[in-house]
Amino acid sequence: MKNIYLISMFTLREAFSRKIIITFAGISTFVLLLFLAVFLSFDTGVLDFKFSTNGMVYSPGYTLAEKIQALVSIPIFGGTLLLSIFSASGFIPHLLEKGNIDLFLSKPVKRYELLTGKFFGGILMVFLNIAYLVIGLWLLSGIKFGYWNFSFLLTIPITTFAFSVLYALMILTGIITQSSLLAMMLTYLIYFVLSPVLALREQIAFITGSSFLENFLNMMFYITPRITELADQNARIAEKLPVDNWEAFINCGIFGVVVYGISVYIFNKKDF
Amino acid sequence: MNIIEIKNLTKVYQKRYSKKKITALNNVNLEIPKGIIFGLLGPNGAGKTTLIKILLEIAYPTSGQTKLFDSEENRTEMKKFTGYLPENHKYPAYLTGEAVLRIFGQLGGCDYKNIKARVSYVLDLVDMKKWADTKIKKYSKGMMQRLGLAQALMNDPKLIFLDEPTDGIDPIGRSEIREILKNLKSEGKTIFLNSHLLSEVEMISDRAAILNKGELVWDGAVSDLTENSKIVRISTDQNISDSVLQEIQKKYDIKKCSQNCLSIALSEIKDVNYAIDELRKNNINIISVIPEKQSLEEMFISLIKNAETEIK
Ligand SMILES: Nc1ncnc2c1ncn2[C@@H]1O[C@H](COP(=O)(O)OP(=O)(O)O)[C@@H](O)[C@H]1O
Ligand SMILES: [Mg+2]
């Protein structure tokens, strides 16, 4: 455990030193300032009243805040994932560089500890960045509308979870190819192309009428992470709607565990 | 006790994206006793680095066994007692020298409480104290090597692997490093040194082995090699004529020869008298007769050459 902790902290430090965290935080700060400017530019005084029916309290201000949060949760999820993938893509290839990996492996550290330290370190980095942005937005809209929607904060763990699933895939491609570019491209491909296409697989199959395509898309749908569906669920949760697709979570979780397991297996056997 | 034991070790690398196989180590057997400086010699690509990597489980053997500290325990545990200076080691450029030592020291099992004192001690040892707070991207190759050596010593290891430790270091730095290694030996530590620099191994090693194309072609005590030599060099004050040379050649194998100097190989040391008689008969004055050591280098070159002709 101590080794995993040490390597996680070291990875976090790497992210600081390579100015990854600063860049990330800079972009988040810019977004927050943008929201601040927008919020300052209109007066919510007119919305500031409540009415109740059947014991439920309604307020146009609350509704607006909720709608805004649900609306921004989608680009937050997508935008932070995009940045996170980009910033974490170098972790494994850097580790595997000649002269560096030899040194780590010469220490009394098990190989799975090394990999898991890198895994947690990357997740921790992304978690901090997302938390900064989401908590910032939550505070801004809370102060503006006097409405505190705790569900919106769940965007933090959900986005971090989505990232960790994709990060597992990046670790696997990083170990096999040792290229940050390839790892990044494959992950973007799954996230931006495959996942949205597969979310529409029924429509596509219907339009083309090809049963082969339908079967193929169905198979892909089951074996690739359903990040697009996760994004939808994230938006629902932010809007306080109940989760209606647990399958997306389970599919992503299983994908992450399996891919990470394969990564550890390959890493354990590899010669450096 | 043997601190390192290697039995029938073979390592075959499978080249990526091709069927080509490279035999980096071929049935190597080696035993290294505790408390010595051991030098592993060999030209580039001989398999020296691969051997260390297998001992530290950075790469895995294709067949054969290795043992460290005469123990069957998990190799990861054993690494608490080893230090390693990889060849072409690379640390993250944004770290300072001190940060490198702290991070890798902790991973190496250094106690967190003592780490400050230990960092300061090893920095002193390699004479890098004044650079401790400088980012390593500003370090020269020689400074990197010193830092690498300091790093290898952080956990106070019993067994130290150094892969080309004096690479990129100037002659003064080299002799400083030799001093450090000798001191470590006097503290009872075992040092395993990889080098293609023969003179260096000759200067500080107790035992050495020569690796060529993955095969161990010689191993033994360095002193054996240099003491029992039966080559004698005779210097004269005038040129040795061809006729005299031919006369001597009838009886001896002439190794090296210049105008007024002669190196001959003897089967017994007293046989040197014949050559001297021969020279004296021709009124050639003898300035000196010196028994010549066969240097590791000569041995190295002749062994490698032999291996090559055998293959042909
Ligand atoms: N990871 C690897 N994959 C494939 N071949 C390798 C690998 N590491 C070393 N080799 C090959 O094994 C041989 C021995 O290399 P090495 O142990 O580095 O030699 P040395 O350290 O004596 O210069 C070389 O031919 C080298 O190309
Ligand atoms: Mg080498």
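The values are calculated or read from the model by the stated rules, or taken from the named source; none is laboratory data. Predicted, not measured: the structure shown is a model, and the values here were computed from it. Reconstructed Cβ throughout: ideal geometry from the backbone, glycine too, with neighbour counts over all protein chains shown. Please note that ligands, DNA and RNA were not included when accessible areas were found on the heavy atoms of the full protein model with its side chains. Shrake-Rupley method; radii C 1.70, N 1.55, O 1.52, S 1.80 Å.
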Considering the Cα trace of the protein assembly as shown, what is its radius of gyration and what is Dmax, both in angstroms? 34.2, 134
How far is helix B:171-186 tilted, in degrees, relative to the longest principal axis of the Cα atoms in chain B, given as a value from 0 to 90 rounded to the nearest 10? 70 degrees
Which distance in Å, rounded to a whole number, links the C-alpha centroids of the stretch B:1-51 and the stretch A:57-93? 54 Å
Kirkwood hydrodynamic radius of the stretch B:108-155 from all distinct Cα pairs, in Å? 11.0 Å
Taking R0 as 25 Å and r as the Cβ-Cβ distance between B:Tyr17 and A:Arg111, the FRET efficiency 1/(1 + (r/R0)^6), rounded to the nearest 0.05, comes to 0.55
Over chain B, what is the relative contact order in whole percent, taking alpha-carbon pairs under 8 Å and six or more residues apart? 19 percent
Order by accessible surface, 1.4 Å probe, largest leading, for residues B:Leu56, A:Leu124 comes to A:Leu124, B:Leu56
What is the extension gain from B:Glu72 to B:Ser120, computed as 0.36 nm multiplied by their sequence separation minus the C-alpha to C-alpha distance, in nm to one decimal? 13.9 nm
If you build a Gaussian network model of chain B, linking Cα atoms that sit under 10 Å apart, which residue out of B:Ser199, B:Ser63, B:Ser267 swings the most? B:Ser267
Using only Cα atoms and rounding to the nearest 10 degrees, what angle (0 to 90) does helix B:115-125 make with the longest principal axis of chain B? 20 degrees
Would you calculate a helix-derived [θ] at 222 nm for the protein assembly as shown, using -39,500 (n - 2.57) for each DSSP H run of n ≥ 4 and dividing by the full residue count, to the nearest 500? -17500 deg cm²/dmol
Can you pull the Kirkwood radius for chain A, inverse mean 1/r over Cα pairs, to one decimal in Å? 20.4 Å
Calculate, for A:Ile250 and A:Ser210, the FRET efficiency according to 1/(1 + (r/R0)^6) with r their C-beta to C-beta distance and R0 41 Å; round to the nearest 0.05. 0.90
With the cut-off at 1.5 for a/c, could you classify the stretch A:146-217 from its C-alpha gyration tensor as rounded, prolate or oblate? oblate
Counting Lys and Arg as +1 and Asp and Glu as -1, each charge on the Cβ, what is the dipole of the protein assembly as shown about the Cα centre in debye, to the nearest 20? 460 debye
Taking 25 °C and 0.890 mPa s as the conditions, I'd like the Stokes-Einstein D for the stretch B:1-105 in µm²/s, using the Kirkwood hydrodynamic radius from alpha carbon pairs. 156 µm²/s
Values of log10 I(q)/I(0), in the order q = 0.19, 0.23 Å⁻¹, for the stretch B:156-278 under a Debye, Cα-only, solvent-free model: -0.99, -1.27
Among the residues of the stretch B:29-73, which ones have their accessible area go down by 20 Å² or more when all the protein chains sit together, as opposed to their chain alone (1.4 Å probe)? B:Lys53, B:Ile58, B:Tyr60
Residue ranges of DSSP H helices in chain A that stretch 24 Å or more (Cα, own long axis) and have mean Kyte-Doolittle hydropathy of at least 1.0 are A:20-41, A:60-88, A:111-145, A:155-177, A:246-269
Can you compute log10 of I(q)/I(0) for the stretch A:185-272 with the Debye formula, treating each Cα as one identical point scatterer, at q = 0.11, 0.17, 0.20, 0.23 Å⁻¹? -0.41, -0.82, -1.00, -1.14
For chain B: span of alpha carbons on each principal axis (Å, largest first): 78, 48, 39
Counting pairs of Cα atoms in the stretch A:1-136, how many percent are more than 26 Å apart? 44 percent
Could you work out the relative contact order of chain A, using alpha carbon pairs under 8 angstrom and six or more residues apart, expressed as a whole percent? 26 percent
In whole angstrom, and with the biggest value first, how far do the Cα coordinates of the stretch B:70-196 range along each principal axis? 42, 34, 24
Tell me the label-point distance for the pair B:Ser223, B:Lys129, using the 7 Å Cα-to-Cβ offset, in nm and rounded to one decimal. 3.6 nm
One finds, for B:Arg280 and A:Leu189 with R0 = 51 angstrom and r their Cβ-Cβ distance, a FRET efficiency to the nearest 0.05 of 0.05
Choice from B:Lys130, B:Lys67, B:Lys79 with maximal GNM fluctuation in chain B (Cα, 10 Å cutoff): B:Lys130
If you build the Cα gyration tensor of the stretch B:230-292 and take the root of 5 times each eigenvalue, what three semi-axes come out, in whole angstrom, biggest first? 16, 12, 11
